[in-house]
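Undergrad: Mind looking over this structure? Questions follow.
The values are calculated or read from the model by the stated rules, or taken from the named source; none is laboratory data. Bear in mind the structure is a predicted one, so any value in this text is a computation, not a measurement. Because the Cβ atoms are built from the backbone with ideal geometry, glycine has one as well, and the counts that use them run over all protein chains shown. Just the protein is used for accessible areas: all its heavy atoms, side chains included, with ligands, DNA and RNA removed. Shrake-Rupley method; radii C 1.70, N 1.55, O 1.52, S 1.80 Å.
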Amino acid sequence: MLKSTKQSNQVANYDAIVIGAGFSGLYTLHRLREAGFSVRVFEAGEGVGGTWYWNRYPGARCDSESIYYNYTFSEELYKEWTWTSRYPEQPEILSYLNFVATKFDLRRDIQFKTRVTAAHYNEENNKWHVYLNDGTSVSAKYFITGVGCLSASNVPNFKGINHFKGEWYHTGHWPHEKVDFKGKRVGIIGTGSTGVQAIPVIAQEAEHLTVFQRTPQYCAPARNHPYDPEYIRQAKENFSEIKRQMRESQGGQPVIPSTKSALEVSPEERKRVYEEAWEKGGLGLFTAYYDVTINEAANETVAEFVRTKIREIVKDPKVSQNLLPSYFYGTKRPIIDTNYYETYNRENVTLVDVKKAAIEEITPQGLRTTEAEYELDTIVFATGYDGMTGPLLKIDIRGKDGVSLKEKWAGGAQTRTYLGIANAGFPNMFMITGPESPSVLSNMPVSIEQHVEWISDCIEYMREHGLETIEANVEAEEAWSKHCREVAESTLFTKTDSWYTGANIPGKPRGFLIYLGGVGAYRQKCTEIAENGYEGFALMTSFKTISL
Ligand code: N01
């Protein structure tokens with residue numbers, strides 16, 4: 001159990017404590033340290049990287065283009081690093097983050113192999129007391145979470161899992177050494193972004209791969225390719241413009257949004273546009289027309305286009321039938337793949353529909369559905385995450401009056417935050433890409449940088465104005481949450497059960513916790529709030545409270 005502050009050997013006090021040494025934590029450390037604050041980062045892994053430290057599964061790569069999936073706070077850094085291909089692989093992203101850590105000498109303020117178990121706000125001394133898994137604790141005025149949105153793995157509670165005689169892995173906690181699939185009968189559960197990346201790679205090595213699919217997915221080819229040095233040179237030369245466009249965009253990439261409806265063009269023209277996007281590879285189908293994710297009929301045009309492609313690619317009609325998705329295109333993460341559908345033409349791959357015949361149990365020898373038993377040497381769980389709130393709720397975070405974040409967010413069937421950055425009742429705590437910010441429906445580094453800069457500017461403002469606490473007002477929080485829900489409900493996203501809505505975790509309160517107004521509009525809103533003296537927050541000096 002937790003030690004009280006008095007009992008623990010409290011040795012250190014900082015201006016800010018940060019959890020996580022991924023994209024968020026690294027930049028927070030750099031930015032706050034440059035501004036003259038003392039900062040300590042705690043990281044469970046043995047190295048930097050966050051998501052890219054843990055997700056070492058075969059085929060892991062990012063679906064944002066490399067030249068946009070990086071920091072832009074330093075032009076020098078942007079110009080020093082050179083990506084090798086269109087979609088970066090996990091080892092390359094991890095190398096990039098290590099390069100950043102070295103360049104800015106970040107490791108000296110990061111304590112690795114240390115998990116934060118609890119963080120409690122103490123109203124008497126206006127400090128966050130942060131408890132670590134080694135039994136020690138530290139304190140700070142500011143408590144900042146950079147825990148990511150997808151770091152709490154979901155391993156479904158299948159009966160018998162502990163009796164399985166083979167090896168099993170969750171993709172989010174992949175071993176550092178290579179997992180050998182040669183000559184093995186492998187089963188993989190899950191066909192989200194992760195499963196779709198891993199399946200073609202594992203299939204090439206395993207003796208046999210059985211894919212246990214609950215929901216078929218819409219995928220489009222990534223068409224990954226090595227970068228042309230001239231393309232990279234131009235990107236570096238146009239750094240400022242690329243940065244501006246990313247920051248002002250909808251999704252954090254320099255994509256000019258379509259102003260056309262999928263329904264205002266002829267079927268031939270639409271097909272031409274979709275074919276072009278398919279050939280180019282990437283997420284072009286998602287952005288081809290502005291109403292794909294808001295209008296059911298427009299959505300169906302893309303959905304049917306992808307289904308036609310699946311029927312063309314997959315040779316066995318029974319298998320291709322089982323691969324046809326039926327939910328609204330794009331309302332689960334649109335996936336880009338390399339040979340995903342093609343993999344089902346391999347002799348050594350079997351598709352099992354676990355919606356028709358549910359998984360009953362993991363047996364010592366493999367897995368049993370309601371219809372059949374499958375003998376397996378290895379099981380890969382590509383079953384996703386308790387997203388958005390999961391990583392935060394794994395930590396016992398308590399604000400004023402000892403109220404926990406868990407209690408606060410469980411109160412209604414909805415999580416409420418102010419801007420996805422702050423919580424009423426939790427003074428001086430900031431979340432990077434927290435629930436109700438654009439986060440996972442944007443290019444993450446862009447959203448992360450925006451939050452880090454907003455938070456560090458805010459902390460500097462506090463210092464300049466001699467302020468002790470900043471806390472979101474309940475009314476501002478309510479209004480922001482309401483706005484978030486209204487935007488989401490005007491789309492098709494809320495009509496699909498997905499991890500975005502919390503539907504993948506049994507018993508989790510449902511709620512769409514991602515702000516869909518776009519990163520440009522969101523940035524502007526956050527900036528205005530700061531410029532108006534942190535509107536919607538209560539700011540307190542040691543002498544008085546100023547409510548704005
Ligand atoms: O997880 P998911 P993920 N029995 O939740 C199935 C990011 N990401 O790790 O759809 C049987 O999407 C589940 O089925 P269903 C990206 O944001 C990015 O793949 O719930 N099956 C689904 O098929 C992404 O969205 C990149 O019916 C079960 C799968 O497991 C997010 O991470 C790469 C089950 C889980 O899919 C999460 O992706 C990878 C059960 N009990 C990830 N429980 C890139 O940048 C779950 N499933 C490319």
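Undergrad: Given the conditions (1) more than 30 Å from Tyr78 (Cβ to Cβ); (2) open to solvent by less than 10 Å² (accessible area, probe 1.4 Å); (3) in a helix (DSSP H, G or I), which single one is not true for Val487?
TA: (2)
Undergrad: If you take the residues in segment 490-508 that are crowded, with 17+ Cβ neighbours inside 10 Å and not polar (S, T, N, Q), which one is nearest to Ile294 (Cα to Cα)?
TA: Leu492
Undergrad: Within the set of pairs 6+ apart or on separate chains, which have a first residue in segment 383-395 that is within 16 Å of Thr433 (Cβ to Cβ) and open to solvent by less than 20 Å² (accessible area, probe 1.4 Å), a second that is within 10 Å of the ligand (Cβ to nearest atom) and in a helix (DSSP H, G or I), and C-beta atoms under 9 Å apart?
TA: Correct list of pairs: Gly387/Val440; Gly387/Trp499; Gly387/Tyr500; Met388/Ser439; Met388/Val440; Met388/Trp499; Met388/Tyr500.
Undergrad: Mind checking which residues of segment 58-73 are small (Gly, Ala, Ser) and part of a helix (DSSP H, G or I)?
TA: Ser66
Undergrad: If a residue must be free of Cβ contacts under 8 Å to residues at least 60 places away in the same chain and more than 30 Å from Val201 (Cα to Cα), how many such residues does segment 89-117 contain?
TA: 5
Undergrad: Any chance segment 135-142 includes a residue that's open to solvent by less than 40 Å² (accessible area, probe 1.4 Å), touching a Phe, Trp or Tyr at 6+ places or on another chain (Cβ under 7 Å) and in a loop (DSSP other than H, G, I, E, B)?
TA: There is no residue in segment 135-142 that is open to solvent by less than 40 Å² (accessible area, probe 1.4 Å), touching a Phe, Trp or Tyr at 6+ places or on another chain (Cβ under 7 Å) and in a loop (DSSP other than H, G, I, E, B).
This table checks each residue for (1) over 23 Å from Phe537 (Cα atoms); (2) of a type outside the set (A, V, I, L, M, F, W, C).
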| site | (1), (2) |
| --- | --- |
| Ala472 | no, no |
| Glu475 | no, yes |
| Ala479 | no, no |
| Lys482 | no, yes |
| Arg485 | no, yes |
| Glu489 | yes, yes |
| Asp497 | yes, yes |
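Undergrad: Output yes when any residue across segment 94-105 is touching a helix residue (DSSP H, G or I) at 6+ places or on another chain (Cβ under 9 Å) and of a type in the set (Gly, Ala, Ser), and no when none is.
TA: Scanning segment 94-105 turns up at least one residue that is touching a helix residue (DSSP H, G or I) at 6+ places or on another chain (Cβ under 9 Å) and of a type in the set (Gly, Ala, Ser).
Undergrad: Please specify each residue of segment 402-419 satisfying the condition of being touching a residue at least 24 places away in the same chain (Cβ under 8 Å) and either acidic (Asp, Glu) or within 16 Å of the ligand (Cβ to nearest atom) (or both).
TA: none
Undergrad: To continue, here is another question. I'm trying to understand the selection: among the residues of segment 341-360, which are open to solvent by less than 60 Å² (accessible area, probe 1.4 Å) and closer than 17 Å to Tyr218 by Cα?
TA: Tyr341, Thr343, Tyr344, Leu351, Asp353
Undergrad: Another question, if that's okay. Is it the case that some residue within segment 509-521 is outside any loop (DSSP other than H, G, I, E, B) and either away from the ligand (no atom under 16 Å from the Cβ) or open to solvent by 50 Å² or more (accessible area, probe 1.4 Å) (or both)?
TA: Scanning segment 509-521 turns up at least one residue that is outside any loop (DSSP other than H, G, I, E, B) and either away from the ligand (no atom under 16 Å from the Cβ) or open to solvent by 50 Å² or more (accessible area, probe 1.4 Å) (or both).
Undergrad: Quick check: is even one residue across segment 20-33 open to solvent by 10 Å² or more (accessible area, probe 1.4 Å), over 26 Å from Ser137 (Cβ atoms) and among the charged types (D, E, K, R)?
TA: No, segment 20-33 contains no residue that is open to solvent by 10 Å² or more (accessible area, probe 1.4 Å), over 26 Å from Ser137 (Cβ atoms) and among the charged types (D, E, K, R).
Undergrad: Which count do you get for residues in segment 314-340 that are in contact with an Asp or Glu (Cβ under 9 Å, 6 or more places away or on another chain) and open to solvent by 80 Å² or more (accessible area, probe 1.4 Å)?
TA: Of the residues in that region, 0 qualify.
Undergrad: Identify, by number, the condition in (1) acidic (Asp, Glu); (2) part of a loop (DSSP other than H, G, I, E, B); (3) away from the ligand (no atom under 14 Å from the Cβ) that Glu76 doesn't meet.
TA: Tallying (1) acidic (Asp, Glu); (2) part of a loop (DSSP other than H, G, I, E, B); (3) away from the ligand (no atom under 14 Å from the Cβ), Glu76 fails exactly one: (2).
Undergrad: Just the residues that are at positive phi, more than 12 Å from the ligand (Cβ to nearest atom) and either touching a residue at least 24 places away in the same chain (Cβ under 8 Å) or not assigned by TED's automatic domain parsing to the domain that holds Gln90 (or both), please, taken from segment 28-66.
TA: Gly49, Gly50
Undergrad: Still on this structure, I have one more. Could you count how many residues in segment 45-57 are assigned to a loop (DSSP other than H, G, I, E, B), surrounded by 20 or more Cβ atoms within 10 Å (Cβ to Cβ) and of a type outside the set (S, T, N, Q)?
TA: Looking only at that region, the number is 5.
Undergrad: Here's another thing I want to ask about it. Does Leu323 qualify as being within 13 Å of Thr191 (Cβ to Cβ), at pLDDT 95 or above and more than 11 Å from the ligand (Cβ to nearest atom)?
TA: yes
Undergrad: Tell me, yes or no, whether segment 285-295 has at least one residue that is open to solvent by 30 Å² or more (accessible area, probe 1.4 Å), closer than 14 Å to Leu492 by Cα, in contact with a Lys or Arg (Cβ under 7 Å, 6 or more places away or on another chain) and not aliphatic (A, V, I, L, M).
TA: Within segment 285-295, one or more residues are open to solvent by 30 Å² or more (accessible area, probe 1.4 Å), closer than 14 Å to Leu492 by Cα, in contact with a Lys or Arg (Cβ under 7 Å, 6 or more places away or on another chain) and not aliphatic (A, V, I, L, M).
Undergrad: Could you tell me whether segment 114-127 includes any residue that is touching a Pro at 6+ places or on another chain (Cβ under 7 Å) and either over 30 Å from Asn339 (Cα atoms) or part of a strand (DSSP E or B) (or both)?
TA: yes
Undergrad: Can you find a residue in segment 285-293 that is acidic (Asp, Glu), free of Cβ contacts under 8 Å to residues at least 24 places away in the same chain and not in a strand (DSSP E or B)?
TA: Scanning segment 285-293 turns up no residue that is acidic (Asp, Glu), free of Cβ contacts under 8 Å to residues at least 24 places away in the same chain and not in a strand (DSSP E or B).
Undergrad: Take segment 296-313 and flag every residue that is open to solvent by 80 Å² or more (accessible area, probe 1.4 Å) and either over 24 Å from Val265 (Cα atoms) or part of a loop (DSSP other than H, G, I, E, B) (or both).
TA: Within segment 296-313, Arg311, Glu312 meet the criteria.
Undergrad: Out of segment 441-466, which residues are open to solvent by less than 10 Å² (accessible area, probe 1.4 Å) and either assigned to a loop (DSSP other than H, G, I, E, B) or in contact with a strand residue (DSSP E or B) (Cβ under 8 Å, 6 or more places away or on another chain) (or both)?
TA: Asn443, Ser447, His451, Ile455, Cys458, Ile459, Met462 - these are the residues of segment 441-466 that are open to solvent by less than 10 Å² (accessible area, probe 1.4 Å) and either assigned to a loop (DSSP other than H, G, I, E, B) or in contact with a strand residue (DSSP E or B) (Cβ under 8 Å, 6 or more places away or on another chain) (or both).
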